[in-house]
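Shown next, in structure tokens, is the structure this report addresses.
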Amino acid sequence: MRRIPFVQFLLFLLTLFTTLVAGTLQQGLNPLENPLHLWKGIPFSFTLLMILGAHEFGHYFMSKKHKMDVTLPYFIPAPSFVGTFGAFIKMKSPIMDRRILLDIGAAGPLAGMCVTIPVLLIGLYLSEIRPDTVEPGVSLGTSILFSFMNWIVHGFLPDDVNLVLHPIAFSGWIGLLVTCLNLLPVGQLDGGHVAYAVIGHTQRFVAKIVLIGLVVLGITGWSGWLLWACILYIMGLNHPPVIYDWIPLDRKRKVIGWTTLSIFVMTFTPVPF
């Protein structure tokens, strides 16, 4: 008899609640004063959970395809302005070779992007363009991919206007940022998996360069990169070898691997906030 994943289900419900609260607060409403306002957080909450869910289930189903022992996703609720710290799955089986490592590592970001891109396009279409006046709120940074998608929807915007993101667009923006953070080619992040599968032990050198780059950006731009650099250093920069490390990638997987790493470049936001 299969055990009901009670912990994962409870964490998902809690994350649903915290993201609904976050989405409602973004609308300038306090759901603690009037719980009926929670429905205002649905556009942000549901689309963000769709993005995170697609990412983690991409890993999950690819792991199952390779007959790996893996858990269902654990969503992480958080009292933050987005209501969550993301989600993760736990792998209980060793990864045998680079082919499996590449398949599992790339499946999450690619699946997540398949949801993030249409969500962001719809959200940008619903967003408002307003005159450049001082308004309360958070100023968000941009990436190559976000700028390109914004150009598709709105064309070139003059300097004297602001793009006020719809909640759905904001969840898409968060989806790009989450993808970027996961694809840092460091340790056992998704990017570390993919980088090790593609370039082998050279991943160690790339990880050190990335860490130095984050420290520089943390000093000159967004200080949050310093925190990320510390976390990544503590977690470990190097990816552990797979069991049959000598088995090479085929041509198709190499293309998928480099494509996935290029997504990191396109979604990287030097100064997110």
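The values are calculated or read from the model by the stated rules, or taken from the named source; none is laboratory data. Because the structure is a prediction, the values reported are computed rather than measured. Here the Cβ is made from the backbone with ideal geometry for all residues, glycine too, and neighbour counts use every protein chain on show.
Checked against (1) more than 28 Å from residue 252 (Cβ to Cβ); (2) touching a residue at least 40 places away in the same chain (Cβ under 8 Å); (3) of a type in the set (Gly, Ala, Ser), residue 147 meets all criteria but (2). On inspection, residue 215 passes the criterion of being surrounded by fewer than 17 Cβ atoms within 10 Å (Cβ to Cβ), touching a helix residue (DSSP H, G or I) at 6+ places or on another chain (Cβ under 8 Å), in a helix (DSSP H, G or I) and at pLDDT 95 or above. Would you please name the residue that is farthest from the chain's Cα centre (by Cα), looking only at residues in the range 25-62 that are modelled with pLDDT under 95 and buried (at least 19 other Cβ atoms within 10 Å of the Cβ)? For the range 25-62, the residue satisfying everything is 31. A Cβ distance below 6 Å, combined with a sequence gap of six or more or placement on separate chains, defines the contacts here; from the range 91-116, residues that are within 18 Å of residue 183 (Cα to Cα) and of a type in the set (D, E, K, R) reach residues that are buried (at least 24 other Cβ atoms within 10 Å of the Cβ) and at pLDDT 95 or above in the pairs 98/197.
Kindly indicate whether any position in the range 153-167 is among the aliphatic types (A, V, I, L, M), at pLDDT 90 or above and touching a helix residue (DSSP H, G or I) at 6+ places or on another chain (Cβ under 7 Å). Checked against the condition, which is being among the aliphatic types (A, V, I, L, M), at pLDDT 90 or above and touching a helix residue (DSSP H, G or I) at 6+ places or on another chain (Cβ under 7 Å), the range 153-167 yields at least one hit. In the set (1) of a type outside the set (D, E, K, R); (2) at negative phi; (3) not in a helix (DSSP H, G or I), the condition left unmet by residue 25 is number (3).
Residues are listed down the side, and each one gets a yes or a no for (1) among the polar types (S, T, N, Q); (2) touching a Leu at 6+ places or on another chain (Cβ under 7 Å); (3) in a loop (DSSP other than H, G, I, E, B):
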{"position": "234", "(1), (2), (3)": "no, no, no"}
{"position": "241", "(1), (2), (3)": "no, no, yes"}
{"position": "247", "(1), (2), (3)": "no, no, yes"}
{"position": "270", "(1), (2), (3)": "no, yes, yes"}
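Go through the residues of the range 148-165 one by one and say whether even a single one is closer than 21 Å to residue 56 by Cα, touching a Ser or Thr at 6+ places or on another chain (Cβ under 7 Å) and surrounded by 17 or more Cβ atoms within 10 Å (Cβ to Cβ).
To start, the set of residues in the range 148-165 that are closer than 21 Å to residue 56 by Cα comprises none.
For the range 148-165, residues closer than 21 Å to residue 56 by Cα, touching a Ser or Thr at 6+ places or on another chain (Cβ under 7 Å) and surrounded by 17 or more Cβ atoms within 10 Å (Cβ to Cβ): absent.
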